[in-house]
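For reference, the structure is listed below as structure tokens.
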Amino acid sequence: MANNKALFPTVIWLTLVALTIITFSLGESAMSGKGVMLTLLAITMIKSQLVANYFMALRKTKFLWRAIMFGYFIIVGSLIAMAYLMGLK
Amino acid sequence: MPPAININNQDDLPGDFAIWIFIFAEMLAFGVLFVAYAFSRAQDVELFNASQLTLSRISGAINTLVLITSSYFVVQGVAAIKRGLNKQCAHWLTGAFILGGVFVVIKMVEFHAKFAADITMSTNNFYMFYLSLTFFHFMHVLMGMVILAMIIMKAKRGGYSTQDYVGVETGASFWHMVDFLWIILFPLVYIIR
Amino acid sequence: MKYKSQAVAKLYFIAAIGLFLGQILFGLIMGLQYVVGDFLFPVIPFNVARMVHTNLLIVWLLFGFMGASYYLIPEESETELYSPKLAIITFWIFLVAGAVTVLGYLLVPYASLAKWTGNDLLNTMGREFLEQPLPTKVGIVIVALSWLFNIVMTVLKGRKTAISIVLSLGMLGLAVFFLFSFYNPVNLVKDKFYWWWVVHLWVEGVWELILGAMLAFVLIKVTGVDREVVEKWLYVIITMTLVTGIIGTGHHYFWIGAPAYWQWWGSVFSALEPIPFLMMTIFAFNMVNKRRREHPNKAAVLWALGTSVMAFLGAGLWGFLHTLAPINYYTHGTQLTAAHGHLAFFGAYALVVLTMISYAMPILRGRAANPERAQIMEMWSFWLMTISMFFIALFLTGAGIVQVWLQRMSPTPMSFMAVQDQISIFYWAREGAGLVFLIGLLLYIGSFFVKGESRAFE
Ligand code: HEM
Ligand code: HEM
Ligand SMILES: [Fe+2]
């Protein structure tokens, strides 16, 4: 049990590393377009929330704080998505 | 009334509440710049795409890994101090500090390459945003390193305990914010097109 | 009064209030000239009245800051002032220099004044707020340095608190940034840079430290709340102020020939400047709500809360209104700017000085608080001045919006003077509100002469 708990941050860290590598590979593959953009944003969202909840340790705090971090990403992320979709036309 | 009122009361946010006022303010500033970047891009997609391809994605990616790892070290440092282990805490944070240094060096090489190519904030809108955002973030990394250094020194002196580790958490929260912002900045400015 | 040397503050406060009255009279003259163009022509031309109005403002605020710090620092440092004598000498030098300068403005054509005072040796004159002849500018530096010296020496020999450190930093910044006024490059772009480094970095930088420190001091005194709480707020507020305020200078670089990226930097950072002002408001109300004692000086509490609210409205809200480049593109240099300038200067700096006077003056006169009747009068004057100033700002905002529309946005733009005719109704209204302001100020002065039992009430 104690061991599991100690391992947990490591798992999060490895997940973040993996997601970063995926992001990078998508960038290198020179793909672009709506699907790729949304995928990248989704990955970014997961990464940012992992950092907020597990690294910043907001997971166990008041709902408000997690809501701020999540709401932040939703607002910023969707505005970014909107701008990119505008640019596609 | 907002919770900011009780600046001194134990809040359930990790670290001193004062640092969270800054964290939220910084996130706001970066958020505005991120969105401004995206909308400026929509005005001139071709220029942004072309300029974006001149960035070194590999150094951006390496820097992402560097920051993520340093954040991970900081998490370990906080875990250590919660068990009262000043020395281990100092070791983890020193690791994070060194990685911060690596980030700075890579970033400076990147900046240098751009300046050597005569690229400035006035070159075009993309570079304006690229340089502003990364420079502004860069300053936060430096600031974060200063904070880490102060905590490391105090931890080395055995200055924290299982009762009193708010200082470590405060610095940790700031450092994670630096990581958090970069995690958004990297795909936005280097990758997505 | 805990320390004898605090008494020098009284001189400064009296001078400040006197000059304040002068400032308002010239404001009213100008307000009338706005609608009756030849009023007092040719005795007091508009440009001269303007110079006197704005310079008196700066000078009385400086008197206020100095007096306030001579009162505040001994108490914070728990020791007598380093040199009360120096403070008194400085006072007279400053007062005489100020009076001579204003007389110079009024009696001598500006060009001759410039010639006589060595402006061709070192060209510094002619810029708004910094019109002072060279000898006066040098005098200001000497006075500011002697003030700084006196305060810092006092702080060094006594207790060092967050409040006294922040206040000293603010004063240091005030003195240092004024030095930019000595450089007046021919290049108009550079000229503007240096001008803003005085004006902007003062009001949106170092003066805010002075503001924060004084507000914190009065709040501690009247609420009895723990110093520790206050100090942390103070540090957070001033850090935020300096970061946003220094880069926020960019909101003046939009159209003066600076690189275009300043439109982004200036907009984003200055848009954050209201945050520390908002924090100050929250902080003030929070302190008062958690007060541990009922201070008999109710008026001082009112002034302090009023400062925090009006500073937020004038600087934070009215500043934000036109600080984003796409908006400032239309509003730059219109009556909207004047609306903001008035509400911000009054709300932040005039009010904080009046707060300090309200708190300190009764004590300097040997009582904890003024008699009830005097306090009621003082509170009336607070409301009259504050509300009329708010209306002045509203009328000017109205004038500004119409001006922007007719002159800059409409499909058939009108010329500047034609627009001024269209909006004269707003100027009349502003003059009316200005008269109410004057009544408020006279009432305020009157409150010092009310006699009666000084006792705590309620
Ligand atoms: C107590 C603090 C402040 C004072 C006393 C103050 C005072 C002034 C004054 C007198 C001017 C006119 C300068 C001139 O003659 O051109 C001015 C301009 C301006 N202020 Fe402030 N200000 C304060 C805070 C702020 C803040 C916090 C903001 C932004 C959020 C702001 C935004 C502006 C802008 C954008 C202008 C330029 C207007 C134009 O383009 O004409 N100010 N301020
Ligand atoms: C109460 C009656 C007042 C009246 C009628 C009045 C009127 C005026 C007028 C007509 C101007 C010149 C505007 C221009 O150049 O077009 C002016 C400038 C100014 N006044 Fe007042 N004023 C009054 C009170 C005050 C107060 C109480 C303060 C500050 C505490 C103040 C601060 C200023 C400042 C900072 C400027 C320069 C504004 C700028 O550059 O935009 N005034 N005033
Ligand atoms: Fe400004």
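The values are calculated or read from the model by the stated rules, or taken from the named source; none is laboratory data. Every value quoted in this text rests on a predicted model; they were computed, and no experiment measured them. A quick note on method: Cβ atoms are made from the backbone with ideal geometry, for glycine too, and the neighbour counts reach across all protein chains shown. Surface areas here come from the heavy atoms of the whole protein model, side chains and all, with no ligands, DNA or RNA. Shrake-Rupley method; radii C 1.70, N 1.55, O 1.52, S 1.80 Å.
Listed by first and then second residue, the pairs linking a residue in segment B:53-73 that is more than 9 Å from chain A (Cβ to nearest Cβ) to a residue that is among the basic types (K, R), with Cβ atoms under 7 Å apart and 6 or more places separating them unless they lie on different chains, are B:N63/B:K107.
Tally the residues that are touching a residue at least 60 places away in the same chain (Cβ under 8 Å) and within 27 Å of C:N187 (Cβ to Cβ), restricting the search to segment C:102-125. Residues in segment C:102-125 being touching a residue at least 60 places away in the same chain (Cβ under 8 Å) and within 27 Å of C:N187 (Cβ to Cβ): 4 in total. Residues in segment B:152-166 that are closer than 19 Å to B:I23 by Cβ and either without any contact (Cβ under 8 Å) to a residue 60 or more places away in the chain or not in a helix (DSSP H, G or I) (or both): B:Y165 only.
For C:V155, the requirement of being open to solvent by 20 Å² or more (accessible area, probe 1.4 Å) and hydrophobic (A, V, I, L, M, F, W, C) is not met.
Scanning segment C:218-243 for residues that are within 16 Å of ligand 1 (Cβ to nearest atom) and surrounded by fewer than 23 Cβ atoms within 10 Å (Cβ to Cβ) returns C:T239, C:M240, C:L242, C:V243. A single entry from C:Q407, C:Q403 fulfils the requirement of being away from ligand 3 (no atom under 16 Å from the Cβ), open to solvent by less than 20 Å² (accessible area, probe 1.4 Å) and assigned to a helix (DSSP H, G or I): C:Q403.
Number of residues in segment A:4-18 that are without any contact (Cβ under 8 Å) to a residue 24 or more places away in the chain, farther than 20 Å from B:I62 by Cα and of a type in the set (A, V, I, L, M, F, W, C) equals 2. When C:Y105 is tested against (1) open to solvent by less than 10 Å² (accessible area, probe 1.4 Å); (2) closer than 19 Å to C:Y359 by Cβ; (3) of a type outside the set (A, V, I, L, M), exactly one condition is not met: (2). Taking the listed residues C:M389, C:M377, the one that is more than 18 Å from C:G245 (Cα to Cα) and more than 10 Å from ligand 2 (Cβ to nearest atom) is C:M377, with no other qualifying. Can we say C:P74 is more than 16 Å from ligand 1 (Cβ to nearest atom) and at pLDDT below 95? Here the answer is no, as C:P74 does not meet what is asked. Before we move on, is B:F126 more than 18 Å from B:A172 (Cβ to Cβ), more than 11 Å from every other protein chain (Cβ to nearest Cβ) and buried (at least 19 other Cβ atoms within 10 Å of the Cβ)? Taking the combined requirement at face value, the residue satisfies it. When the residues of segment C:246-264 are filtered to those that are under 16 Å from C:G319 (Cα atoms) and within 13 Å of chain B (Cβ to nearest Cβ), which remaining residue is surrounded by the most Cβ atoms within 10 Å (Cβ to Cβ)? Restricting to residues being under 16 Å from C:G319 (Cα atoms) and within 13 Å of chain B (Cβ to nearest Cβ), the top hit is C:G248. Of the residues that make up segment C:425-434, is at least one surrounded by 15 or more Cβ atoms within 10 Å (Cβ to Cβ), at negative phi and not in a helix (DSSP H, G or I)? Within segment C:425-434, none of the residues are surrounded by 15 or more Cβ atoms within 10 Å (Cβ to Cβ), at negative phi and not in a helix (DSSP H, G or I).
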